[in-house]
Amino acid sequence: MALEFLAALARWGVGAGGLNTKLRTAGGPGGTGGKAERRDDDCTADPDNDPVMDLPKTLPASWYRSAPLYALERRAVFLKAWYLLGPVTRFLPDEPVRYEIAQVRLCASRGAGGLRDVSVVDEDTGLPLRSYITSSGLVFSTISGDAPSFVEFFPDLEPLLARVDFTRLPHRRSIRYEGKFNWKTMVDGYQECLHCQYTHPSFSVNYPPTFYSVSNHCNFSQHIADPAKPDDGLFLYFFPNCTLNVYGGGMSSFRVCPTTEPGVTRMEFDYYHVADGAEFESYFAFVRQVAQEDFELCEKAQANLEQGVYVEGVLNPDKETGVAFYQQQVLKLVVAQHEADKQRAGLMREAGPMPVRDGAGRHALCVQKATA
Ligand SMILES: [Fe+2]
């Protein structure tokens, strides 16, 4: 299957999808162009029996650099989602933790009722936001009233998480910084490990890609580096932009926070470890190395997306199912939002201009007549 796939790619002159495709387009190393399109001079190809056309496709490159598209994504995806804020150990008495997700500022704080007494408010309105704590100790929150219930959003998450105790590691450090890439550029890379062997040499020594697998569920993906070690090399992706990573002896979570500029994203990391001091610093150096390698990869991939040469690629049907899974979800939600917006605009056009009323609730026309 893999050889057939590679042969098809070579015949059609396309790269694999996700970060791999974007890096091979103009401006990137070894650029071949990533558009899944038949060449006019290729007489051997049969368009009716085209293996590439049956492969999952990436989102269009324009979706990684368009401000209006992000405005649509914000309403379609972000305002309707649940976010991992961290395990309960992230929250200490009298130390509120602040977040900004899709331009909504929220504050989570722990009350006097113990580890699981965590509540979340919208910092701008002061109103409470719906939050949920799993039996395994993870705190999730909404950022708007548009989100469904937690169980509707993650119907099969709790039974899977119940196998791991996420509360055994204390919070040690948090860092945040901006990068020049779209939020999806980072999630694309997270959701596959084809890039791991050449981008993360130190990671690949301990977590070789041989057994790496991804399983997709409703609004989350589970990555396992080695089935023989299910509690080490466990990576969870929560749609659309949160992760939880248990490897290297510690645990980290990060949020890929979109800014109003589509090509700029704020990365927020939280680190947990049973030890502090030198043991923690050794773990921290190891995982920061991996994060820095991903950061550089994403900035290069985004630079190629900005060139306007790469339009669309195909995804590896075996190794990039995680990318296809989340991108299809974004596509579905954005298209549905766009249709709903169009219908609403159509209804408003049919209804005609809204009547202007004065302070007493009288139509402007009536006021004119009354004062004439
Ligand atoms: Fe990576």
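Condition first: at pLDDT 90 or above, away from the ligand (no atom under 14 Å from the Cβ) and closer than 29 Å to GLU261 by Cβ. Can you find one or more residues in the range 161-173 that meet it? Within the range 161-173 (the criterion being at pLDDT 90 or above, away from the ligand (no atom under 14 Å from the Cβ) and closer than 29 Å to GLU261 by Cβ), the answer is yes, since at least one residue qualifies. For SER204, state whether it is among the small types (Gly, Ala, Ser) and more than 16 Å from the ligand (Cβ to nearest atom). So SER204 does not fit the description; no.
Can we say SER149 is away from the ligand (no atom under 16 Å from the Cβ) and either free of Cβ contacts under 8 Å to residues at least 24 places away in the same chain or within 18 Å of GLY322 (Cβ to Cβ) (or both)? Yes; evaluated as a whole, the condition is true for this residue. The residue that is farthest from the chain's Cα centre (by Cα), counting only those in the range 178-228 that are among the small types (Gly, Ala, Ser) and outside any strand (DSSP E or B), is ALA228.
Could you tell me whether GLN337 is in contact with a Phe, Trp or Tyr (Cβ under 7 Å, 6 or more places away or on another chain) and either at pLDDT 95 or above or part of a loop (DSSP other than H, G, I, E, B) (or both)? When the stated conditions are applied, GLN337 does not pass them. Scanning the range 308-327 for residues that are away from the ligand (no atom under 16 Å from the Cβ) and either loosely packed, with under 15 Cβ neighbours inside 10 Å or not in a helix (DSSP H, G or I) (or both) yields GLY308, VAL309, TYR310, VAL311, GLU312, GLY313, VAL314, LEU315, PRO317, ASP318. The residue list SER202, SER144, SER135 contains one member that is at pLDDT 95 or above, surrounded by fewer than 19 Cβ atoms within 10 Å (Cβ to Cβ) and not β-branched (Val, Ile, Thr), which is SER144.
The values are calculated or read from the model by the stated rules, or taken from the named source; none is laboratory data. Owing to the predicted nature of the structure, the values given are computational and were not obtained by experimental measurement. Here Cβ is always computed from backbone atoms with ideal geometry, including for glycine, and neighbour counts include all displayed protein chains.
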